[in-house]
Amino acid sequence: MLQAELYTIRITRRFKDQVVYDNPVWVVKPPSVVKDQRVLIVDEICGAGQTLKMIKEEVGHLGAREMRSAVLY
């Protein structure tokens, strides 16, 4: 319906549902195909915005043309 590619990325502070990292760590990074693309970053929740900032920086380094974000909660 959207006629858009979807790519799952993952950043977390948890392992087996326990907080084990002070700062978020990458589990799955954004793919290089975002270069020159318009990118929508969707997160299920936002607290301090640290993970969204990390994603935005990574997608920017990969050369995305435009970035927007949405948070489900």
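Stokes-Einstein diffusion coefficient for the chain at 4 °C in a medium of 1.567 mPa s, Rh from the Kirkwood formula over Cα pairs: what value in µm²/s?
Translational D for this selection: 99 µm²/s.
Obtain the nm distance between the two label points defined at V25 and V42 by a simple spin-label model: each point lies 7 Å from its Cα along the Cα-to-C-beta direction.
About 2.8 nm, to one decimal.
Can you run phi through the Karplus equation (6.51, -1.76, 1.60; θ = phi - 60°) for the range 43-51 and list ³J(HN,Hα) in whole Hz, with x for Gly and Pro?
Ordered by residue, 3J(HN,Hα) equals 10, 6, 7, 9, x, 8, x, 5, 5 Hz.
Using label points projected 7 Å from each Cα along Cα→Cβ, tell me how many nm separate L6 and L72, to one decimal.
1.0
Label points 7 Å out from Cα along the Cβ direction at K53 and V33: separation in nm?
Label-label distance for K53 and V33, simple model: 3.0 nm.
Express as a percent, rounded to the nearest 5, the fraction of DSSP beta bridges in the chain (both residues included) that run antiparallel.
Counting only bridges with both partners in the chain, antiparallel ones make up about 45 percent.
What is the set of long-range amide H partners of S69 at a cut-off below 5 Å, with H atoms built 1.01 Å from backbone N?
Amide H to amide H, under 5 Å and 5 or more residues apart or across chains, S69 pairs with I41.
Rule-based calculations on the coordinates, nothing more; no lab input. Computed from a predicted model, the values in this text were never measured in an experiment. Don't worry about glycine lacking a Cβ; one is built from the backbone with ideal geometry, like all the others, and counts go over all protein chains shown.
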